[in-house]
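Below is one structure; the comments refer to it alone.
The values are calculated or read from the model by the stated rules, or taken from the named source; none is laboratory data. Model, not experiment: these values are computed from the prediction. Ideal geometry is used to build each Cβ from the backbone, glycine not excepted, and the neighbour counts take in all protein chains shown.
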Amino acid sequence: MKRFRQLCVLVCTAVLFVAATGGTTHAVVPGDNGRILFARCVYRGDCKWEIVAADPDGSDEVVLAGPYPREAWDDHFTANWSPDGETAIFMAYQAIWQVNADGTHLHKIWEPPTKRTGIDDGPSFTPDGDHIVFTRCCPRVSGYALWMINADGTGLRQVTDESVPPGVDGPSDNLPQVSPDGTRIAYHRNVVRNGHDHNRVVTVNMDGKDRIQLTPPSLNAQVPNWSPDSNRIVFIMFPPSGGIEVGIVRADGTHLHQLTHSGKFVSVWPSFSPDGSKIIFSRSMPGGWVGLFTMNPDGSDVTLISRHGSADNWPQWAAAQSA
């Protein structure tokens, strides 16, 4: 399931520079802004990856899981909060894991019932917390389709159908995020043509029907995240002018535009804050590291919030827990 290696290489090149000089999605639930969650590469002879939680200003960090070697995950080491912000889930070693927000009680929720099938990165909760949606590959000829389980790991069922003949690579449905109103799933759909990936952001109903394509294949758009009002979706895009940037589009496919203009750097992995006032994302930096930034939903007021000189990727934002 190594479909997005090129993007990972582009972003994680920064990690290689740090190593050489000694130096790594959920529908956000509306509410007050709580803790952020992200994956960090820590250089320990080679790159080891941890799941980290922190306050929105980057302080009070807690390592929730890890370190993991690179081979533990596929292309996106994305952890997602539960709607109440009390736990996080992620994929490692072909299983879905859950951990408390303080780093305790790491445990396996689900793994494929047969070793002949696998799962992909980035499992995410439905906004009621009752189900988990994820990508599962290739039982029979189902392809890389979206599947769903109950939050306790029971009740496996298929959501989308990307049936393909044996040996055909794709299409694939990846990194699903359920809208905060619980009606639609956003994900990026990859179609391989002549050996090249052609991603596009799409949405479907919770039953996998009524697929709507929001971005053209030419943008190679991927890794979508909803706004808390379910009206907008942010994503990664490859604009015609070059580079890798953050884009935004309305849920009906209108008003698609580019938010970041990073020049020779890379801006990726956007996610809204629960109050809708900010977008958090990762950007490569001079010196070869990857930091976390926030910006307004119109792309203004870009602010650095992490300064670790490593690589902080795939941030997600939780609603504040009630006292």
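Tabulated results
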| quantity | calculated |
| --- | --- |
| From the options Asp121, Asp102, Asp60, residue that is part of a loop (DSSP other than H, G, I, E, B), surrounded by 22 or more Cβ atoms within 10 Å (Cβ to Cβ), touching a strand residue (DSSP E or B) at 6+ places or on another chain (Cβ under 8 Å) and not small (Gly, Ala, Ser) | Asp121 |
| Candidate set from the stretch 105-118 (those that are touching a strand residue (DSSP E or B) at 6+ places or on another chain (Cβ under 9 Å) and over 16 Å from Leu64 (Cβ atoms)); member that is modelled with the lowest pLDDT | Thr117 |
| Residues that are over 23 Å from Trp314 (Cβ atoms) and modelled with pLDDT of 95 or more, drawn from the stretch 154-181 | Thr154, Gly155, Asp181 |
| Residue that is crowded, with 21+ Cβ neighbours inside 10 Å and part of a loop (DSSP other than H, G, I, E, B), where the choices are Pro297, Pro315, Pro274, Pro270 | Pro274 |
| Output for the stretch 220-242, where each listed residue is part of a loop (DSSP other than H, G, I, E, B) and either closer than 21 Å to Asp74 by Cβ or out of contact with any strand residue (DSSP E or B) (no Cβ under 8 Å at 6 or more places or on another chain) (or both) | Asn220, Ala221, Asp229, Phe238, Pro240, Ser241, Gly242 |
